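*Asks:* Have a look at this one before I ask anything.
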Amino acid sequence: MIDGQTQMVGLIGWPVEHSLSPVMHNAAFDALGLNWRYVPLPVPPGQVEAAVRGLAALGFRGANVTVPHKQTVRQMLNSIGPSARHLGAVNTILIVRGEDGSTRLGGYNTDDTGFAGALRMGGYEPEEGRRAVVVGAGGAARAVVFGLLWSGSGEIVVLNRTPQRAEALVSDLRGFSDQGFRLHTLPLTVETLVESARSADLLVNATSVGLWPQSERSIWPESVSLPAHLTVFDLVYRPLETRLLRQARESGANAINGLGMLVRQGAVAFEMWTGEAAPVDVMRAACERALGRV
Ligand code: ATR
């Protein structure tokens, strides 16, 4: 029930109607008996400044931010956390209102810790001496590489269809870690992928390949079986088992789907806003139910 005490958070993006975040967070609020609600907030390009000012004025406690506003929103905030600064993108806003009604807005990025948390939950410990192959060089891949760097992973190879984007990613992130020298790039081809994966411990798909409705697609060729010693993490969670993850399962590799990252990044934001420990199992179950309906 919404009443005079209800605290509001929401998701700023364009479009937002397919997001699982409202279902996930509202299930968490219900499970903890918190009088909070999470609403989708469709904000067209060009309107983000007005939207953020409006959120603060309306007493919202915070928001998530998604495509296409993750970069532009930074200019409207009073402070930017370290991950958001290094990644150049904000996915969570925390709004603190003083007694005099003034507001301070902080911008954070919870994708890197979300990824690292999901990876560990999936049974993979990123550590010295282990080699990761990350396919993709967009915002999602940046969060993955950053999460791996800060978790103490060994060598990281970034493969991308457009090699310049992988090079830009590596040169941007190299400066932020004394482990930067362990970052390399290769153009994405079947040969470079198969060859890199053979000597790796972890393969991450941070591209949109395999995303519904093009669920029959995979970055991995059908003619080669995936090395069984690999952990394969697909950031795509629609469908829950992508073709890549099916290939991984069929070859005996450890397969981790993208739902864990969605839930973990949401859990970090939830804890920031409410100060309560996030009920991650409830959040995951709510997402799985919602995905079952698509
Ligand atoms: P996000 O913020 O979710 O990472 P993005 O910035 O659009 O989204 O990045 C999408 C990633 O998927 C990119 O690495 C893109 O490769 P390019 O940089 O070459 O565009 C990758 N990608 C998308 N479609 C692909 C395809 N058919 N084959 C290989 N890579 C693809």
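*Asks:* Just name the residue that is nearest to Ala140 (Cα to Cα) out of those in the stretch 190-221 that are out of contact with any strand residue (DSSP E or B) (no Cβ under 9 Å at 6 or more places or on another chain) and within 12 Å of the ligand (Cβ to nearest atom).
*Replies:* So the residue we want is Ser208.
*Asks:* Moving on to the next point. With respect to the numbered conditions (1) within 14 Å of the ligand (Cβ to nearest atom); (2) within 11 Å of the chain's Cα centre (by Cα); (3) not assigned by TED's automatic domain parsing to the domain that holds Leu41, which one is the sole condition not fulfilled by Thr162?
*Replies:* (2)
*Asks:* How about the stretch 197-217: which of its residues are surrounded by 15 or more Cβ atoms within 10 Å (Cβ to Cβ) and either in a helix (DSSP H, G or I) or touching a His at 6+ places or on another chain (Cβ under 8 Å) (or both)?
*Replies:* Ala197, Asp201
*Asks:* Determine the pairs where a residue that is of a type in the set (D, E, K, R), located within the stretch 275-294, has a partner that is surrounded by fewer than 18 Cβ atoms within 10 Å (Cβ to Cβ) and part of a helix (DSSP H, G or I) with Cβ atoms under 8 Å apart, the partner being 6 or more residues away or on another chain.
*Replies:* Glu276/Leu32; Arg289/Val23
*Asks:* May I ask you to say which residue of Leu245, Leu226, Leu262 is crowded, with 19+ Cβ neighbours inside 10 Å, under 14 Å from Thr113 (Cα atoms) and at pLDDT 95 or above?
*Replies:* Leu262
*Asks:* How many of the residues making up the stretch 135-159 are closer than 19 Å to Lys70 by Cβ and touching a strand residue (DSSP E or B) at 6+ places or on another chain (Cβ under 7 Å)?
*Replies:* 5
Residue-wise test of (1) polar (S, T, N, Q); (2) closer than 17 Å to Arg120 by Cα; (3) within 20 Å of the chain's Cα centre (by Cα).
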site: Thr185; (1), (2), (3): yes, no, no
site: Leu203; (1), (2), (3): no, yes, yes
site: Ser208; (1), (2), (3): yes, no, yes
site: Glu222; (1), (2), (3): no, no, no
site: Tyr237; (1), (2), (3): no, no, yes
site: Ala248; (1), (2), (3): no, no, no
site: Gly266; (1), (2), (3): no, yes, yes
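*Asks:* Here is a further query. Return the pair list, or none, for Cβ contacts closer than 7 Å from residues in the stretch 180-208 that are modelled with pLDDT of 95 or more to residues that are of a type in the set (D, E, K, R) and part of a strand (DSSP E or B), at least 6 apart or on different chains.
*Replies:* Asn205/Asp234
*Asks:* Output the residue which, of all residues in the stretch 131-156 that are more than 14 Å from the ligand (Cβ to nearest atom) and in a helix (DSSP H, G or I), is modelled with the highest pLDDT.
*Replies:* The extreme case among them is Leu148.
*Asks:* On to the next question. Go through the stretch 5-101 and tell me which helices (runs of 4 or more DSSP H), entirely inside it, have 1 or more residues that are under 24 Å from Arg238 (Cα atoms), away from the ligand (no atom under 16 Å from the Cβ) and modelled with pLDDT of 95 or more.
*Replies:* Ranges flagged: 21-32.
*Asks:* I've got another one for you. Could you tell me which residue of the stretch 80-105 is surrounded by the most Cβ atoms within 10 Å (Cβ to Cβ), considering only residues that are among the small types (Gly, Ala, Ser) and in contact with a strand residue (DSSP E or B) (Cβ under 7 Å, 6 or more places away or on another chain)?
*Replies:* Filtering first and then ranking leaves Ala84.
*Asks:* Hey, another quick one. Pick from Val65, Val145: which is in contact with a Leu (Cβ under 7 Å, 6 or more places away or on another chain) and either buried (at least 18 other Cβ atoms within 10 Å of the Cβ) or on the phi < 0 side of the Ramachandran plot (or both)?
*Replies:* That would be Val145, the only listed residue that is in contact with a Leu (Cβ under 7 Å, 6 or more places away or on another chain) and either buried (at least 18 other Cβ atoms within 10 Å of the Cβ) or on the phi < 0 side of the Ramachandran plot (or both).
*Asks:* Search the stretch 85-123 for residues being within 20 Å of Gly260 (Cα to Cα) and of a type in the set (Gly, Ala, Ser), and hand back the single one that is nearest to the chain's Cα centre (by Cα).
*Replies:* Here the residue is Gly114.
The values are calculated or read from the model by the stated rules, or taken from the named source; none is laboratory data. Source: prediction; values computed, not measured. Quick reminder, even Gly has a Cβ in these numbers, built from the backbone with ideal geometry, and neighbours come from all protein chains shown.
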